[in-house]
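Report on one structure; see the data block that follows.
Read the figures in this text as sums done on the coordinates, not as results from a lab. Everything numeric in this text was worked out from a predicted model, so none of it was measured. Here the Cβ positions follow ideal geometry from the backbone for every residue, glycine too, while neighbour counts run over all protein chains shown.
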Amino acid sequence: MLSCKHLIGPLLNRQFRRHASGITAQLLEQRYVELAQPDGQRLKYPSIWLRDNCQCPECFHAETRARKSHWERGPLHVKAKRVSYDEKSQQLIVNWEDAHSSSYDLEWLQDRDFGQQSRQRYLNEVYKPPVQLWGKSQFGEVTREFSYDDVLKQDSVLRDWLEALAVQGFALLHGAPHDTEVARHLAERIGHIKRTTYGDVFEVKSKPNAKNYAYLMTPLPLHTDMPYYEYKAGINILHTLVQSSSPGGANMMTDGFFIADKMRREHPDYYEVLRTIPVNWFDIGHDGDAGKPFHSLWRAPVICLDVDGQFARINQNTTKRDSRFTVPLDQAMSWYEAYDKFLQLAQAEAVEFKTRAGDVFVFNNLRMLHGRTAYEDSPDNKRHLIGAYVDWDIIYSKLRTLKFPNARN
Ligand SMILES: [Zn+2]
């Protein structure tokens, strides 16, 4: 087999490797291949999987890390005939009924251990770092702060920042220049901006409708941005260019996953309702400059889980919730009660803080409910923020390249 550097050193079953001699291989019921060491530790693999992942140049293109498509030649139809473990090369050798033979490095096999612990370690270390849920009382201990310059210049700080966004769900950057390109620079430091109906970077400021009591900017209730997008923006980068000197204009934030978890534990019936009943989220209007009409619509519950049963996305935006509620009558009734409980808990756990000019508040838009208290602009003090979005696909990818720069497959 072609040699290759493996992805995750720390995930290897070290115990097994220390005793890499005296390993025996056997075929079980022609369906599994098992490696056993003298002390009884075992690694077990489906033989169909071994055939599917044969690493020989005929079956696998190492340069592109790609399996060659020979589905018709196996793995379903070809059985393993004989298996052995070669001490010298530390490889499992499999001879197949069709005269093909495969060899697998022990390390490579250990990296792909089907055991529950190994799988969980892979999910936590490579797939996504486990999230840390937090309530209002833990805000101080989960707050991560970084220097804007360090994030731009040092890969290790960039990595810590992205980890914080993945784990705690938000982070604060300080010391950004008075420059309308800050949000863009940060997005491009990660990868690239997610462009939406509202453009690539967007401005958050009150309309210049001066000398009017409408100057008083109403509070923005807790929400997530764009629940009406199937591909909802992953993180929101909000750069404070000018902060309001009026008492208001503070940020509010609640960990939506924490609230979902609290509901699961304390109000399981309501939780089930919010996890299963779809809501119509919508936005209809015209985009800024070109004036092109848009009509966004996405149906999804307030609480969404991923394939592993982890919280994946919270949808909440009172202003963007459609009056069309296309569910049966009785579901609509029970949904309102559950939603009311969710909003009560979210409000009770909301933290409040006020950014200053040069701060950049960045948060997971799939997770954090966020809002703003009312404020008042004056002729010489107009609150002005600039925002940009980045998708989690781009962020996790960047994070993995920083954590595993030598990843091959
Ligand atoms: Zn092969």
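Which of the listed residues, I284, Q154, W298, is farthest toward the dipole's positive end in the chain, when Lys, Arg count +1 and Asp, Glu count -1 at the beta-carbon?
The listed residue farthest towards the positive side: Q154.
Evaluate the relative contact order of the chain (contact order divided by residue number), counting alpha-carbon pairs under 8 angstrom at least 6 apart; express in whole percent.
The value is 22 percent.
Using only Cα atoms and rounding to the nearest 10 degrees, what angle (0 to 90) does helix 155-167 make with the longest principal axis of the chain?
Helix 155-167 and the main axis of the chain meet at about 80 degrees.
Counting pairs of alpha carbon atoms under 8 Å apart in space and at least six apart in sequence, what relative contact order in percent does the stretch 271-339 give?
Contact order relative to length: 36 percent.
Report the FRET efficiency, 1/(1 + (r/R0)^6), for E272 and A348, where r is their Cβ-Cβ distance and R0 is 22 Å, rounded to 0.05.
FRET efficiency, E272 to A348: 0.55.
Give me the Debye-computed log₁₀ of I(q)/I(0) at q = 0.12 Å⁻¹ for the stretch 219-367, equal point scatterers on Cα only, no solvent, two decimals.
Values returned for q = 0.12 Å⁻¹ are -0.57.
Which of the lysines could a cross-linker bridge to K205, judged by Cα under 18 Å and excluding same-chain residues fewer than eight apart?
Qualifying lysines at Cα under 18 Å: K354, K382.
Quick check: residue separation of E34 and L402 times 0.36 nm, minus the Cα distance between them. What number comes out in nm?
In short, 129.0 nm is gained.
Can you tell me how much longer the chain between S103 and D86 gets when fully stretched, taken as 0.36 nm per residue apart minus their C-alpha distance, in nm with one decimal?
Stretched out fully, the S103 to D86 stretch lengthens by 5.2 nm.
Please list, or write none, the aspartates and glutamates whose alpha carbon is within less than 19 Å of the alpha carbon of K292, excluding same-chain residues fewer than 8 places away.
Partners found: D200, E203, D283.
Give me the extension gain from Y122 to E230: residue separation times 0.36 nm, minus the current Cα-Cα distance, reported in nm with one decimal.
Going from the current span to full extension adds 36.1 nm.
Please enumerate, by chain and number, the lysines with C-alpha under 23 Å from the C-alpha of K398, excluding those fewer than 8 residues away in the same chain.
K5, K128, K153, K194, K232
Calculate the translational D of the chain in whole µm² s⁻¹ from Stokes-Einstein, where the hydrodynamic radius comes from the Kirkwood formula applied to all Cα pairs, the temperature is 10 °C and the viscosity 1.306 mPa s.
Here the translational diffusion coefficient equals 64 µm²/s.
When the label point is put 7 Å from the Cα of S147 along its Cα-to-beta-carbon vector, which residues of the stretch 175-199 have a backbone N closer than 14 Å?
175-177, by backbone N distance to the label point.
Choose one of F139, V167, P46: the residue whose Cα lies farthest towards the positive end of the charge dipole of the chain (beta-carbon charges +1 Lys, Arg; -1 Asp, Glu; about the Cα centre).
P46
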